[in-house]
Amino acid sequence: MKQQLHNTTISDFVKFNAYDGGKKYKVMTNANGEETGIELRGRLTTFDMKNANGYKFKNESYDKHVDEYFIANSLNVPVCLLHNDTDIRNLCGKVTEMMKNKDGIDIVVNVPKCSYYYNLIKGHIDAGVLQGFSNYGGLVAGWYDDEDDSLVIEKFQLLHAALVCSPGDTTATFDTVADTKFVGFEPRKAEVVENKDISIDEDSDIYAIV
């Protein structure tokens, strides 16, 4: 049974994946061996499975906005510290790879050395204070299903990713890449919208931390 979904804020954090030796980031260097930044990686979203916070992201929930905004306009997905994207000092990097596969979305993030809090970020990751990724964006279309007590997210408007201190589950492995690379997001065809008693539609202004 589907119930009407009202305005809400949701959160779902995921841990950083480890590199060789258990390190939570990889130090990046230039041809002269000088440190230029760090790389982090991890799972962003798992599809069609109720997570610990009661959310279920559908397989195509990210597609429309990623295709029509980031890919069509050759834009990177920004990364900020603790979801503070209004202060330039908290803008700390970009997503260099965003890979959609059959069971979810994984990302690789580059934090350049020019970031204002670069050394603080590294220190907090080393100390286990900053522990994972989080997304922020608009919940465009979705509904609440009381059969399994879950919030089903059908369309999501990604605005940024963030480095946060509250983690959840973790998966994903990647190699280093240079610029944002979107994998698995194919050009979209005309949509056929079924009547699913959706109570949040594409005109919604609801934003969520997921």
- [ ] Would you mind getting the accessible area per residue of the stretch 10-151, heavy atoms of the protein chains only, 1.4 Å probe, in Å²?
- [x] 46
Task: FRET efficiency for GLU35 and LYS58, using Cβ-Cβ distance with R0 set to 41 Å, rounded to 0.05 - done: 0.55
Open item on the list: Check which residues have an amide H placed less than 5 Å from LEU159's amide H, if you skip close sequence neighbours.
Closed with: TYR136, GLY137, GLY138
TODO: Obtain the radius of gyration and the Kirkwood radius of the stretch 77-146 from its C-alpha atoms and give Rg over Rh.
DONE: 1.05
Task: Projected label distance in nm at TYR116 and ASP67, using a 7 Å step from Cα toward the beta-carbon - done: 3.7
TODO: With a Förster radius of 35 Å, plug the Cβ-Cβ distance of LYS23 and MET49 into 1/(1 + (r/R0)^6) and report the FRET value to the nearest 0.05.
DONE: 0.80
- [ ] Enumerate lysine pairs in the stretch 73-155 that are 8 or more residues apart or on different chains, then count those whose Cα atoms are under 22 Å apart.
- [x] 5
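The values are calculated or read from the model by the stated rules, or taken from the named source; none is laboratory data. Worth saying up front: this structure is predicted, and the values here are computed from it rather than measured. No Cβ is skipped: glycine too gets one built from the backbone with ideal geometry, and neighbour counts run over all protein chains shown. Accessible surface areas use protein heavy atoms only, side chains included; no ligands, DNA or RNA. Shrake-Rupley method; radii C 1.70, N 1.55, O 1.52, S 1.80 Å.
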